[in-house]
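Notes for the one structure printed next.
Laboratory data are not the source of any read-out in this text; all were calculated from the coordinates shown. These figures come from a predicted structure and were not determined experimentally. Neighbour counts run over all protein chains shown; Cβ positions are idealised from the backbone, glycine included.
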Amino acid sequence: MFEMPEIYQEKCNGCGLCVSVCGCKALVLVNNIISIIETEECDWCTQCEAICPTGAISCPFEIVEELWEPE
Amino acid sequence: MEFLKSIPYCAGLGVDELDSIRKFIFEKTAEKGDIVQLEGESAGALYFVVSGAVKLFKTSVEGKEQILGIVRPWESFNDVPIFDGGPNHVSVQAMTPVVLYGIKKEDLEVILRSYPRVALNVIKVLASQMRHLVSLVEDLSFKHVISRVAKILLEPPEDGTGGRPRLTQQDMAAMAGTAREMVSRSLQALEEIGAIRLDRHRIVITNREVLKEMAG
């Protein structure tokens with residue numbers, strides 16, 4: 001499964017700002033509530049999270065350490 | 001008319017007053033990505049967002065963008081240059097297709113003289129914008145912000161089970177005592193110096209020593 005932003009539908013007010021700002025068509029309004037479509041085009045730009053006025057979209061980051069082996 | 005009733009500038013006004021003000025309004029549209037105005041240009045009108053959203057930003061001589069805010073429906077922009085007579089203090093770009101309602105500066109003066117209640121509402125709006133900007137000024141000690149963000153990446157909070165919870169930029173902003181936009185810039189800056197790599201939903205620490213140095 002491809003990691004996608006998290007949606008909290010109970011917070012969504014159907015304004016559609018996130019749909020307009022999304023550059024990869026991953027977001028769609030269904031019955032005036034936001035839904036997400038899994039797509040590899042999503043590059044985690046977080047614009048949807050930034051523009052949402054109600055906090056209905058979340059783009060959490062996983063903080064990991066790169067493992068490398070000495071040559 | 002319904003839109004006018006909803007904007008802070010027109011709070012407390014009656015139907016006749018709103019109807020008079022409506023005559024001064026003109027509509028402007030922009031497509032996603034369009035530059036609505038540039039910093040430094042002469043400001044001709046006050047704008048209200050009807051639908052969509054725009055971002056207010058300044059650009060440094062090095063070409064770096066500092067976002068000062070996002071303006072959503074029922075909110076306004078260009079208040080400062082319209083009232084102090086100076087040029088646009090920010091650039092404005094449409095983040096989505098937008099519909100704007102504008103009032104020319106000379107028409108706004110007529111409205112303010114005719115309806116003193118609007119002047120009181122303007123003061124409240126400007127005071128609220130001032131509060132937001134003061135908070136942003138606090139955050140503009142950029143060196144301190146990047147240091148706090150680096151610390152969060154080095155020692156993210158545990159979730160009580162030994163795991164590391166995921167953090168949104170808003171979470172990091174709250175932890176660092178700063179604005180979300182400053183976290184975004186800090187992450188980009190840390191990536192530029194090679195301390196981290198942004199890999200979609202992962203922040204990969206690529207050089208712990210450099211990150212420790214930034215954390216101070």
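Give me the compactness ratio for region B:24-130, meaning the Cα radius of gyration over 2.2 N^0.38 Å. If you can, show how the numbers build up before the last one.
Working: Rg = 13.7 Å, N = 107, 2.2 N^0.38 = 13.0 Å.
Relative to the 2.2 N^0.38 Å estimate, region B:24-130 comes out at 1.05.
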Item to check | Pairwise label distance in nanometres, B:M175 with A:S35, each label 7 Å out on the Cα-Cβ vector | outcome: 3.4 nm
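Quote to one decimal, in nm, the extra length available between B:F83 and B:L198 on full extension: 0.36 nm per residue of separation minus the C-alpha distance between them.
On the way: separation 115, 0.36 × 115 = 41.40 nm, distance 4.18 nm.
Taking B:F83 through B:L198 to full extension adds about 37.2 nm, to one decimal.
Give me a single rounded figure for A:52-63: the average over its residues of other chain Cβ atoms within 10 Å of their Cβ. Before the final figure, lay out the partial values.
Numbers: counts 1, 5, 0, 2, 0, 1, 5, 6, 8, 16, 11, 15.
So the per-residue partner count for this stretch is 6.
Determine one quarter of the surface area of the Cα convex hull of region B:142-215, which equals its mean projected area, and express it in nm² to one decimal.
Values: hull surface 18.5 nm².
Projected area, direction-averaged: 4.6 nm².
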Next on the checklist: I need A:C22, A:C45 ordered by Cβ neighbour count within 10 Å, fewest first.
Outcome noted: A:C45, A:C22
Checklist entry - Computed FRET efficiency, Cβ-Cβ of A:E65 and B:A127, R0 51 Å: what is it to the nearest 0.05? => result 0.65
Checklist outcome for this item: Farthest towards the positive end of the dipole of the protein assembly as shown, among B:V92, B:M172, A:S35 and with Cβ unit charges of +1 on Lys and Arg and -1 on Asp and Glu, lies the Cα of B:V92
Checklist entry - Listing B:F83, B:F77 from the residue with the fewest other Cβ atoms within 10 Å to the one with the most, what is the order? => result B:F83, B:F77
Next on the checklist: Can you sort A:F61, A:F2 from fewest to most other Cβ atoms within 10 Å of each residue's own Cβ?
Outcome noted: A:F2, A:F61
Checklist entry - How far apart, in nm, are the 7 Å Cα→Cβ label points at B:Q66 and B:A119? => result 3.3 nm
Next on the checklist: For chain B, take the longest principal axis of its alpha carbons; what is the angle in degrees between that and the long axis of helix B:116-139, to the nearest 10 within 0 to 90?
Outcome noted: 10 degrees
Checklist entry - Among the aspartates and glutamates, which have Cα under 16 Å from the Cα of B:K212 when same-chain residues fewer than 8 positions away are ignored? => result A:E65, A:E66, B:E155, B:E191, B:E192
Checklist entry - Tell me, which cysteines of chain A are without a disulfide-compatible partner by the Cβ under 4.7 Å rule? => result A:C12, A:C15, A:C22, A:C24, A:C42, A:C45, A:C52, A:C59
Checklist entry - To two decimal places, what compactness ratio does chain A give when its Cα radius of gyration is scaled by 2.2 N^0.38 Å? => result 1.31
Checklist entry - What spacing in nm lies between the two simple spin-label points modelled at A:C45 and B:E27, each 7 Å away from Cα in the Cβ direction? => result 2.7 nm
Checklist entry - Along each of its three principal axes, how wide is the spread of alpha-carbon positions in the protein assembly as shown, in whole angstrom units, largest first? => result 76, 43, 34
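Within the P(r) computed for region B:1-49, what percentage of the Cα pairs occupies the region above 15 Å? Present the calculation step by step, with values, prior to reporting the outcome.
Details: 655 of 1176 pairs.
For region B:1-49, the share of Cα pairs beyond 15 Å comes to 56 percent.
Longer than 18 Å from Cα to Cα, which of B:K28/B:K55; B:K55/B:K151; A:K25/B:K55; B:K32/B:K55; B:K32/B:K105; A:K11/B:K32 are they? Say none if no pair is.
Exceeds cut-off: B:K55/B:K151; A:K25/B:K55; B:K32/B:K105; A:K11/B:K32.
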